[in-house]
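The values are calculated or read from the model by the stated rules, or taken from the named source; none is laboratory data. Every value quoted in this text rests on a predicted model; they were computed, and no experiment measured them. Backbone-built Cβ (ideal geometry, glycine too); neighbour counts: all protein chains shown. To get the accessible areas, we keep the full protein, side chains included, count just its heavy atoms, and leave off ligands, DNA and RNA. Shrake-Rupley method; radii C 1.70, N 1.55, O 1.52, S 1.80 Å.
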Amino acid sequence: SWVSLYCVLSKGELGFYKDAKGPASRGTHGGEPLLSLHRATSEVASDYKKKKHVFKLQTQDGSEFLLQAKDEEEMNGWLEAVAASVGEHAEIARWGQTLPTTSSTDEGNPKREAGERRASGRR
């Protein structure tokens, strides 16, 4: 059976709440943890015919969720937002894996010329 919930997409996670006040209270619907969208996929649920504007969200562990938007425009907005969130999460994970570790000393590093500056950071 379908349940109307308020959904919030933030930082690669999807939260389900009873209403718009839920995120402020940090109490998810049924006390469920936030749903990680790491490596999740989403697409129009074209094989689901009972309701309109339904899209499918499948998580990395194979869990599948059917979500219904009020109209096609909202559904497409959710699909774009989920894809962007998954992409951002993958980019952050990729950067975290490829960054070299740094040392608090310059021992073993070539000497810098006077006035030369180096910068490091994350995107």
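Numbers at a glance
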{"read-out": "Scope the stretch 15-43; condition assigned to a loop (DSSP other than H, G, I, E, B), over 15 Å from the mean Cα position of the chain (by Cα) and among the hydrophobic types (A, V, I, L, M, F, W, C); matching residues", "value": "ALA20"}
{"read-out": "All positions within the stretch 39-52 that are touching a strand residue (DSSP E or B) at 6+ places or on another chain (Cβ under 7 Å) and closer than 17 Å to LEU9 by Cβ", "value": "ALA40, THR41, SER42, GLU43"}
{"read-out": "Extreme residue, farthest from SER85 (Cα to Cα), among residues of the stretch 1-30 that are surrounded by 15 or more Cβ atoms within 10 Å (Cβ to Cβ) and among the charged types (D, E, K, R)", "value": "LYS18"}
{"read-out": "Matching residues in the stretch 11-56 - criterion: being of a type in the set (Val, Ile, Thr) and either closer than 21 Å to ASP71 by Cα or touching a residue at least 40 places away in the same chain (Cβ under 8 Å) (or both)", "value": "THR41, VAL44, VAL54"}
{"read-out": "Top-ranked residue in the stretch 59-88 [being under 20 Å from LYS11 (Cα atoms) and among the polar types (S, T, N, Q); ranked as most open to solvent (accessible area, probe 1.4 Å)]", "value": "GLN60"}
{"read-out": "The one condition in (1) closer than 26 Å to GLY87 by Cα; (2) open to solvent by 100 Å² or more (accessible area, probe 1.4 Å) that LYS50 fails to fulfil", "value": "(1)"}
